[in-house]
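The values are calculated or read from the model by the stated rules, or taken from the named source; none is laboratory data. Fair warning: this is a prediction, and the values are worked out from it, not measured in the lab. All Cβ positions, even for glycine, are placed from backbone atoms using ideal geometry, and neighbour counts span all protein chains on display. Surface accessibility is based on the protein's heavy atoms, side chains included, excluding ligands, DNA and RNA. Shrake-Rupley method; radii C 1.70, N 1.55, O 1.52, S 1.80 Å.
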Amino acid sequence: MIGEEKVTFNLPFELNHLYKDDRKRLRTGTIIFGHLYEDRWQTHIQRPLNNQEIKELEEEYGVLPHEYKEFLSITNGCYLFDLLRIAGKQDGYKGMSREEQTFQPISLRNIEPYLGKKELPTHLFVFADSMIKDRFYAFNQNGHVLEINERNLKTAATYPSLEELLKDIYAQGKEMVLRKEYIEF
């Protein structure tokens, strides 16, 4: 993919290394990691999007932040350690098994935070959330990633890039995996 910067943190490689054989590849290209019980898995990543699929997303949502497009070319959204959910492009459900449907990426349309009567600033591009933290994540006009409290819309943390957010979530998740801990819903 053409661009100024590439996401250099190789999330799929790091997850494969961390979880080793505790993974399963679905027919859709999704890889699920960290089997907990029954049909519950701790992490999943989707197959990368090609340039045409990214272009289709832009036709639907407008210009996407460059770093987010780079991320989609590595994995079409993800769900990391029950801590972070990054939106991607859904394939639809026709012909998919229940398991394949369950591990589809969440759509950008469905990641938008519930704001009640509050209004989100127009210069933010929301692309991820955390149900555990009651936070959502958005790129600002400078390309930084803001972690925003859903209740009061105050910035809880700022990351210079999506890559830095991924590294932070990965470090937290890795500790959980090594301690054999997981979040119970």
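What pairs in Lys24/Lys167; Lys20/Lys89; Lys94/Lys167; Lys24/Lys133; Lys89/Lys174; Lys89/Lys133 have C-alpha atoms more than 29 Å from each other?
Check vs 29 Å cut-off fails for Lys94/Lys167.
Of all trypsin sites (Lys or Arg not before Pro) in the stretch 138-179, which ones are in loop regions per DSSP and have a Cβ with at most 13 other Cβ atoms within 10 Å?
Arg151, Lys154, Arg179
Sort Met96, Met131 by heavy-atom solvent-accessible area, probe 1.4 angstrom, most to least.
I get Met131, Met96, largest accessible area first.
Which far-off residues, 5 or more places away or on another chain, put their amide H under 5 Å from the one on Trp41, with H placed in the peptide plane?
Residues meeting the criterion, in which the H sits 1.01 Å from N, are Leu36.
Between Gln141 and Lys20, 0.36 nm times their residue separation minus their Cα-Cα distance comes to what?
39.8 nm
Please work out the average accessible area per residue across the stretch 55-147, using the 1.4 Å probe convention, and give it in Å².
47 Å²
First measure r as the distance between the Cβ atoms of Arg179 and Gln52, then evaluate 1/(1 + (r/R0)^6) with R0 = 41 Å and state the FRET efficiency to the nearest 0.05.
Using R0 = 41 Å, I get an efficiency of 0.45.
Label points 7 Å out from Cα along the Cβ direction at Met131 and Gln101: separation in nm?
1.7 nm
Once the whole set of protein chains is in place, how much accessible area is left on Ser97, using a 1.4 Å probe, in Å² to the nearest 10?
Ignoring ligands and nucleic acids, Ser97 comes out at about 50 Å².
Please identify the DSSP H helices in the chain that span no less than 18 Å along the helix axis (Cα) and have a mean Kyte-Doolittle hydropathy of -1.0 or more.
Helix filter hits for the chain: 162-178.
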